[in-house]
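First comes the structure, then the notes that go with it.
The values are calculated or read from the model by the stated rules, or taken from the named source; none is laboratory data. Because the structure is predicted, anything quoted here is derived from the model rather than measured. Neighbour counts run over all protein chains shown; Cβ positions are idealised from the backbone, glycine included.
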Amino acid sequence: MNYLFQQPLTMSEAEFNRSCLKFEDYPRNLIYRPSSDTTLKSFADRLRDASPELLCEEDKALVPYCDLRSDLTCFDKGQILDDAKLQQRLGLQTGAALSMTGTFFSKPDPRCRFVFITANSDSRSTLKITRKMLNRLLTYHQVMPNFLDFLSVFGVQEKPRDIRFSSFRGQDLTSKFSRALAIWSLGRSGKHYQMCYNLKSVNLIQPGTWSIRQAAIHHQFDSKSGNSLWIFAQGHWDIKDRISVMLGSKKRPEDCDFSSVANCLRSSLAVHLLMCEWSMENWRQYLQHLEDNVEKETDSALYEPKKLFDLLQVQRSEEKANNVIMMLEANTEVLQSLEAFYKRLDKNEDFSTVEEVKFDLASFQARLHDMISDSKLQITRARLLVQITSNRKALVQQHLRTRATDRMEKLSVSMYNFTTMAQRDTTAMYVIAFITLIYLPATFVSTFFSTDVIKYQGQVEGSGVFSNTAMARWIQVTLPLTALTGLLMGTGIWIADRKRRKEMQKLKDEDITTSV
């Protein structure tokens, strides 16, 4: 597209125009690129791939903002609902206005701007900004590409994603002057610093239910003009509400004084402290909640050994305590990095405004140091909770093993009684079988002799004569058969017993071989 320039543009303005024209290529279109193009392309690719679950559709966009008026008296507050409204708020020109002036921008940046990228009160849903709007916003303010890493923790997800991710990234250009970034018509001197970091906090949703929340923060400050930019990304509205209170009717005058560069810097320090205080709130109460849960779940292991416990709940409490340690350590690292950044800035001779805010910087660093110390104490408390939980868990496990052993012992006694009864019944069956075997030959012979095959008595009715011959024959047949039956029974028992002893010996030999 060809434009008819009515006024000459400076080199930096022309460079900024080209960057804005290619806003969809963010961050590869940035004027100041500290990273290689390969790295920037990787950022762009990750943003493209994550957009469907990270960013919303055009009709669902809602981006609150607060811009300081040019007379520095109060803030204009509103909501940006689409890309056209965003261009209007940023002062970007399109159509005929762009053709006439040849520049995208039509008004300078406000002395202070707050932009809030939020979700539907849930960090697990899409952020309410489109990819097009995000690229345009970050391009216009030349936001460092690392901010995309901090945004990636949000978006659609079943469980909190990257909850363990925490970092601090800073970029100090107060000494290294970049002519390409000096756009005085926008109020940009080219000497500025910017940073992005994330913090985590815990919030009580309802009695007994806590929610871990995190926020991503980007901040820019121009060391010559005093212009500052804040971009907050959070799934909830906590930060926006706190900033609104800070800028509202109950504000402290020193927090909203933008009459000079020094006062603007003081105001930015107040916002940092507000964020740090947010990240340190409620951890003590949350740890107390976890301690109470552990006591409740494991006290019966000490005083009520007959009660059965939910070992899974104890394990969850231990995991939550470990997560507290991880998040508090992450917050501590970020606070230490923030403190170190401003310590370096305090020693920067090219940042003349620092001399005017020496006391404020010292006070800021002291407040950070206090919060870091408090965080370390909470970490120590959380570590002790983990140790107590681990010991209690071991006690509960021992209790459960004891209960299992008791049940096995009772089962063994029951099985022993059952075996004894079975042995008694077996003995009775052996006796019955033995008696049956003894009487079987006699019964068989008697039955056989009573048939018509052999007759030793007369057929006269009513007569009865004892036959010695018959008796002798009966004994001659019965006794050998009885003896033979007993011999066969004994042989069978001996063979079975011998086979059982061989099998037992074989098992013993196998056990000895295995142990060796």
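At-a-glance table
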{"item": "Odd one out for ALA182, checked against (1) modelled with pLDDT under 90; (2) under 30 Å from ILE325 (Cβ atoms); (3) in contact with a helix residue (DSSP H, G or I) (Cβ under 9 Å, 6 or more places away or on another chain)", "result": "(2)"}
{"item": "Test result for ILE217, in the same structural domain as CYS56 (by TED's automatic domain parsing), without any contact (Cβ under 8 Å) to a residue 12 or more places away in the chain and not polar (S, T, N, Q)", "result": "no"}
{"item": "Criterion (farther than 17 Å from TYR65 by Cβ and crowded, with 22+ Cβ neighbours inside 10 Å) met by exactly one of GLN220, GLN214", "result": "GLN214"}
{"item": "Residue satisfying all of: in the stretch 133-189; part of a strand (DSSP E or B) and either hydrophobic (A, V, I, L, M, F, W, C) or outside the structural domain of ARG111 (by TED's automatic domain parsing) (or both); farthest from LEU68 (Cα to Cα) among these", "result": "PHE168"}
{"item": "Residue within the stretch 101-118 that is part of a helix (DSSP H, G or I), more than 28 Å from the chain's Cα centre (by Cα) and at pLDDT below 95 present", "result": "yes"}
{"item": "Residue check for PHE154: over 17 Å from ALA119 (Cβ atoms), of a type in the set (A, V, I, L, M, F, W, C) and touching a Ser or Thr at 6+ places or on another chain (Cβ under 9 Å)", "result": "no"}
{"item": "Of the criteria (1) within 16 Å of ASN198 (Cα to Cα); (2) at pLDDT 90 or above, which one TRP237 fails", "result": "(2)"}
{"item": "Search result, residues across the stretch 22-54 that are under 14 Å from LEU137 (Cα atoms) and either polar (S, T, N, Q) or surrounded by 15 or more Cβ atoms within 10 Å (Cβ to Cβ) (or both)", "result": "PHE23, ASP25, TYR26, PRO27, ASN29, LEU30"}
{"item": "Tally of residues being surrounded by 15 or more Cβ atoms within 10 Å (Cβ to Cβ) and among the polar types (S, T, N, Q) across the stretch 349-377", "result": "3"}
